[in-house]
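Heads up: the structure comes next, in structure tokens.
The values are calculated or read from the model by the stated rules, or taken from the named source; none is laboratory data. Here the structure is a predicted model, which is why all the values come from computation and not from measurement. All Cβ positions, even for glycine, are placed from backbone atoms using ideal geometry, and neighbour counts span all protein chains on display. SASA here: full protein model, heavy atoms, side chains in, ligands and nucleic acids out. Shrake-Rupley method; radii C 1.70, N 1.55, O 1.52, S 1.80 Å.
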Amino acid sequence: MDTGGNSLPSGADGVKRKVSYFYDPEVGNYYYGQGHPMKPHRIRMTHALLAHYGLLQHMQVLKPFPARDRDLCRFHADDYVSFLRGITPETQQDQLRQLKRFNVGEDCPVFDGLYSFCQTYAGGSVGGAVKLNHGLCDIAVNWAGGLHHAKKCEASGFCYVNDIVLAILELLKQHERVLYVDIDIHHGDGVEEAFYTTDRVMTVSFHKFGDYFPGTGDIRDTGFGKGKYYSLNVPLDDGIDDESYHFLFKPIIGKVMEVFRPGAVVLQCGADSLSGDRLGCFNLSIKGHAECVRYMRSFNVPLLLLGGGGYTIRNVARCWCYETGVALGIEVDDKMPQHEYYEYFGPDYTLHVAPSNMENKNSHQLLDEIRAKLLDNLSKLRHAPSVQFQERPPDTELPEADEDHDDGDERWDPESDMEVDEERKPLPSRVKREIVEPEAKDSDDKKGVAEHSRGFDTAAEETACSKASDVCPMPIDEPNVKVEQENSNKPFDQPVQMYPKP
């Protein structure tokens, strides 16, 4: 088992990496509805660029196996998963109370195939984690994933199922410590909340902060209990450019890698932090955004690359195509090849677009203060936390079809008796697991207040949480301590909308 900071079999930074790329051809057919900014079609556009740039031939291309109910319930509550499975556009009017309870209907609409969509994008992220755990690739990519706002019992910010949390739970079966880095313009609140009280997952989010969805991610939010200082928030203002971004990103992430020494890294590559995004207000170039991928890759630690936000879809496709090239160690041409979506990229038909001349509201003084504060927080961590040995849960077996050898019609039946192939055999139980003692009464009181403020049914919550703890005995049943304690200005019975309708 790794002890953190491990090197990949593929060797030094200049050497090619073995990349597994997850893609379901159906994903581009899902439609959030007229006028909604989230467009799964962008994943299909990205795939078309990868195909015509010739990048697919350098990767193992895999069709993800859909996540099953029990896979989703490792983090999400049973009743929430049941609701997602059963709701349809035709039946939603009969379930208004449930829609309100689970925050579905505005930012997160009910659309045809909603549950299949969730199963697909979650299956790709968990499948990527399984590949990494088995050492079958150096980097796994799922551009359909990265939906970081979804909570245990509710949808939020266009996200229904938190594939990132599910993938991290899978990685924790093999790795003592997992690092999560989020470069979406929005705070990675769902992932931070899930792991707020553990020292086995560090979350680092770079995001716009101040009168902006979801309203969380203050620099003072640093974790709770055992997780104190294992949540890092980098609050940024409008117009941040490449130079300012990396003035923070590289020293902070460099120190995180030195102190935390993760066995695996998950990088959420939300493209709404690019210049010119429909909902964003940052000014990053595609190369500046991709520099984060290049930097994370340079540490030679198993890496899961996920999508996320991104609402100017031609630029999303540009960005994720270029970043796939970065993952592979292949520099792609700026001149775009002819393909089925070529007309989206006019009039220049190039991969890169120039950032704008918008004002950068992040002063040098502000950036210096943020950097100093976060590096100080990191100095308070003890190096590489140790965990006690404990029996680990069985491996997830999520077979997926290899697109290189598959006609797309035949799928494995997860309930069948057929043998799992060699790469799917469970790994020997040699991971250290953390045994978490119950928190003091004070934290229980806070938990009760927070749950009450969300209107959760406590009995159902406890049932769901006991099951989640079978998979990973971390206190993900206490995700709301921080929200109640330090972000009480957001009323939970009136969810903030990511994209308010006019």
Is there any pair linking a residue in segment 94-122 that is on the phi > 0 side of the Ramachandran plot to one that is at pLDDT below 95 and open to solvent by 40 Å² or more (accessible area, probe 1.4 Å), with Cβ under 8 Å and at least six apart or on different chains, and which?
Asn103/Pro495
Look at Asp241 and say whether it is acidic (Asp, Glu) and closer than 26 Å to Ala354 by Cα.
yes
Any residue at all in segment 146-166 that is in a helix (DSSP H, G or I), in contact with a Gly (Cβ under 6 Å, 6 or more places away or on another chain), open to solvent by less than 10 Å² (accessible area, probe 1.4 Å) and closer than 18 Å to Ile183 by Cβ?
yes
Name, by its number, the condition in (1) at pLDDT 95 or above; (2) in a loop (DSSP other than H, G, I, E, B) that does not hold for Gly124.
(2)
Being in contact with a helix residue (DSSP H, G or I) (Cβ under 7 Å, 6 or more places away or on another chain), open to solvent by less than 60 Å² (accessible area, probe 1.4 Å) and within 20 Å of Leu274 (Cα to Cα) is the filter here; which residues of segment 320-345 pass it?
Trp320, Cys321, Tyr322, Glu323, Thr324, Val326, Ala327, Val332, Met336, Phe345
Return only the number of the condition from (1) under 26 Å from Val301 (Cβ atoms); (2) in contact with a Ser or Thr (Cβ under 8 Å, 6 or more places away or on another chain); (3) crowded, with 22+ Cβ neighbours inside 10 Å that Leu172 does not satisfy.
(2)
Are any residues in segment 285-317 open to solvent by less than 10 Å² (accessible area, probe 1.4 Å) and closer than 20 Å to Ala51 by Cα, and if so, which ones?
Ile286, Ala290, Leu305, Leu306, Gly307, Val316, Ala317
Filter segment 346-359 down to residues that are within 27 Å of the chain's Cα centre (by Cα) and at pLDDT 95 or above and give me whichever is least open to solvent (accessible area, probe 1.4 Å).
Leu351
List pairs: first residue in segment 180-208 and open to solvent by 10 Å² or more (accessible area, probe 1.4 Å), second residue of a type in the set (Asp, Glu) anywhere in the structure, Cβ distance under 9 angstrom, at least six positions apart or on different chains.
Lys208/Asp237; Lys208/Asp238
Name the one entry in Gly239, Gly217 that is under 30 Å from Arg74 (Cα atoms) and at pLDDT 95 or above.
Gly217
When you go through (1) among the aromatic types (Phe, Trp, Tyr); (2) outside any loop (DSSP other than H, G, I, E, B); (3) surrounded by fewer than 18 Cβ atoms within 10 Å (Cβ to Cβ) one by one for Phe111, which number turns out not to apply?
(2)
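If we only count strands (runs of 3 or more DSSP E) wholly inside segment 177-273, which ones have 1 or more residues that are small (Gly, Ala, Ser)? So that I can check it myself, show each step before the final result.
Values: elements: 178-182, 201-208, 231-236, 264-268.
In segment 177-273, 201-208, 231-236, 264-268 are the strands (runs of 3 or more DSSP E) which contain 1 or more residues that are small (Gly, Ala, Ser).
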For segment 315-343, give me each residue that is charged (D, E, K, R) and in contact (Cβ under 8 Å) with a residue 60 or more places away in the chain.
Arg318, Asp333, Glu340
Among the numbered conditions (1) among the hydrophobic types (A, V, I, L, M, F, W, C); (2) more than 25 Å from Asn357 (Cα to Cα); (3) in contact with a helix residue (DSSP H, G or I) (Cβ under 8 Å, 6 or more places away or on another chain), tell me where Phe249 comes up short.
(2)
